[in-house]
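> Take a look at this one; I'll ask things after.
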Amino acid sequence: MERHALYRLKDNPDLEVILLSYPGVERSKVVIVAPLAQPGTFPSAPILNPTLDTPVGPRDLATERLAAIHVRELGTTLGAYDDKQFLISRALSRLFDGN
């Protein structure tokens, strides 16, 4: 599993999530993900909800809606976003530290 990879969920293929867990965490069978949504789907806040270009169009990262899910819920991989690590880390920092 690749950190910051974009996945569709098996049981909900209309929902894309970004994997936030570090590699190796999946051995516990649980990973941390944050969902993505079309811009305008939910009220977004600067820094907390960065917009990412994905294969299915622009999506806002719903950082405040992160969740722990079982690895078997992850479906198709749509891409990797390590080049967006700064934006994702900054969003997590804003969520947890208010920075």
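The values are calculated or read from the model by the stated rules, or taken from the named source; none is laboratory data. Everything numeric in this text was worked out from a predicted model, so none of it was measured. Note that each Cβ is placed from the backbone with ideal geometry, even for glycine, and that neighbours are counted across all protein chains shown. Surface accessibility is based on the protein's heavy atoms, side chains included, excluding ligands, DNA and RNA. Shrake-Rupley method; radii C 1.70, N 1.55, O 1.52, S 1.80 Å.
> Are there any pairs with C-beta distances below 6 angstrom linking a residue in the range 1-19 that is touching a residue at least 40 places away in the same chain (Cβ under 8 Å) and of a type in the set (Phe, Trp, Tyr) to a residue that is assigned to a strand (DSSP E or B) and surrounded by fewer than 12 Cβ atoms within 10 Å (Cβ to Cβ), with the two at least 6 apart or on different chains, and if so which?
Matching pairs, first to second residue: none at all.
To keep it simple, each residue is scored yes or no on (1) in a helix (DSSP H, G or I); (2) of a type in the set (Val, Ile, Thr); (3) in contact with an Asp or Glu (Cβ under 7 Å, 6 or more places away or on another chain).
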site	(1), (2), (3)
17	no, yes, no
21	no, no, no
43	no, no, no
60	no, no, no
72	yes, no, no
86	yes, no, no
89	yes, no, no
96	yes, no, no
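> I need the full set of residues from the range 57-87 which are over 21 Å from residue 25 (Cα atoms), open to solvent by less than 30 Å² (accessible area, probe 1.4 Å) and over 11 Å from the mean Cα position of the chain (by Cα), in order please.
Of everything in the range 57-87, just one residue is over 21 Å from residue 25 (Cα atoms), open to solvent by less than 30 Å² (accessible area, probe 1.4 Å) and over 11 Å from the mean Cα position of the chain (by Cα), namely 57.
> Something else now. Checking the condition open to solvent by less than 60 Å² (accessible area, probe 1.4 Å) and either basic (Lys, Arg) or touching a Cys at 6+ places or on another chain (Cβ under 6 Å) (or both), which residue from 3, 90, 94 passes?
The conditions single out 3.
> When the range 24-55 is examined, which residues are found to be closer than 12 Å to residue 6 by Cβ and open to solvent by less than 50 Å² (accessible area, probe 1.4 Å)?
Once the filter is applied, which keeps residues that are closer than 12 Å to residue 6 by Cβ and open to solvent by less than 50 Å² (accessible area, probe 1.4 Å), the range 24-55 yields 33, 34, 35, 36, 52, 54.
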